[in-house]
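The values are calculated or read from the model by the stated rules, or taken from the named source; none is laboratory data. Here the structure is a predicted model, which means the values were calculated and not measured. When we count neighbours, we look across all protein chains shown, and the Cβ atoms used for this are built from the backbone with ideal geometry, even at glycine.
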């Protein structure tokens with residue numbers, strides 16, 4: 001088995017952003033998806049979401065059936081690996097956060113970034129593949145299930161990061177805070 005592969009979830013509706021494709025948001029001149037892929041470098045990477053040119057993708061069935069279904073779809077398409085990075089596409093500071101996540105000690109089942117309030121950021125985590133696959137099997141049908149139902153029972157080590165590195169873009173205010181440019185806007 002290889003050591004690490006990544007699953008990037010990029011299939012959400014972006015409803016709190018007015019239906020904007022989060023993967024297409026631009027920060028520092030690059031889309032969030034391109035920033036994530038560049039940060040991951042040579043790691044085997046699978047994007048879960050609609051097909052995208054030049055990117056290995058898979059889609060949960062049915063499409064838009066939630067993040068737990070997306071993770072399970074990604075797991076089913078990954079090569080055998082020891083560890084899996086689960087990442088949301090809407091992490092503008094992923095290039096800075098990822099080296100810290102990769103260098104952190106791995107808990108029994110994984111390591112998950114926590115925000116300033118101690119809440120797990122499930123899609124900024126590194127998991128032991130066998131623990132993740134066992135959790136997926138125990139979940140059963142993943143459609144329309146929350147990530148907590150899939151990952152909440154795992155014994156993960158918390159990883160606090162410097163403030164702001166865990167920022168995700170869910171709302172227009174988050175996009176502004178991240179310096180993101182929405183598709184169709186002029187380059188800032």
**Request:** Go through (1) farther than 20 Å from residue 165 by Cβ; (2) surrounded by fewer than 16 Cβ atoms within 10 Å (Cβ to Cβ) and name the single condition residue 48 misses.
**Result:** (2)
**Fill in**
If we ask which residues in region 150-161 are buried (at least 16 other Cβ atoms within 10 Å of the Cβ) and closer than 22 Å to residue 12 by Cα, their number turns out to be 2
**Asked** Right, residue 91: closer than 24 Å to residue 141 by Cα and crowded, with 24+ Cβ neighbours inside 10 Å or not?
**Response** no
**Message:** Go through (1) over 30 Å from residue 27 (Cα atoms); (2) at pLDDT below 95; (3) buried (at least 17 other Cβ atoms within 10 Å of the Cβ) for residue 175 and report which single condition fails.
**Reply:** (1)
**Asked** How many residues does region 72-81 hold that are part of a strand (DSSP E or B) and buried (at least 24 other Cβ atoms within 10 Å of the Cβ)?
**Response** 0
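Considering each of 130, 117 in turn, give the residue that is assigned to a loop (DSSP other than H, G, I, E, B) and free of Cβ contacts under 8 Å to residues at least 24 places away in the same chain.
Numbers: 130 fails: assigned to a loop (DSSP other than H, G, I, E, B).
Being assigned to a loop (DSSP other than H, G, I, E, B) and free of Cβ contacts under 8 Å to residues at least 24 places away in the same chain holds for just one of 130, 117, which is 117.
Go through region 5-26 and count every residue that is assigned to a helix (DSSP H, G or I) and closer than 11 Å to residue 169 by Cβ. Explain how you work it out, then say what you get.
Of all residues in region 5-26, those assigned to a helix (DSSP H, G or I) come to 15-17, 22-24.
Subset that is closer than 11 Å to residue 169 by Cβ: 16-17, 22-23.
Total meeting the criteria: 4.
For region 82-102, give me each residue that is in a strand (DSSP E or B) and either farther than 12 Å from residue 7 by Cα or modelled with pLDDT under 95 (or both).
Result: 82, single match.
Look through 19, 41, 14, 29 and report the one residue that is out of contact with any strand residue (DSSP E or B) (no Cβ under 6 Å at 6 or more places or on another chain) and modelled with pLDDT of 95 or more.
41
Every residue, every condition in (1) more than 18 Å from residue 8 (Cβ to Cβ); (2) touching a strand residue (DSSP E or B) at 6+ places or on another chain (Cβ under 7 Å), yes or no:
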residue: 106; (1), (2): yes, yes
residue: 123; (1), (2): no, yes
residue: 131; (1), (2): yes, yes
residue: 144; (1), (2): yes, no
residue: 163; (1), (2): yes, no
residue: 170; (1), (2): no, no
residue: 173; (1), (2): yes, no
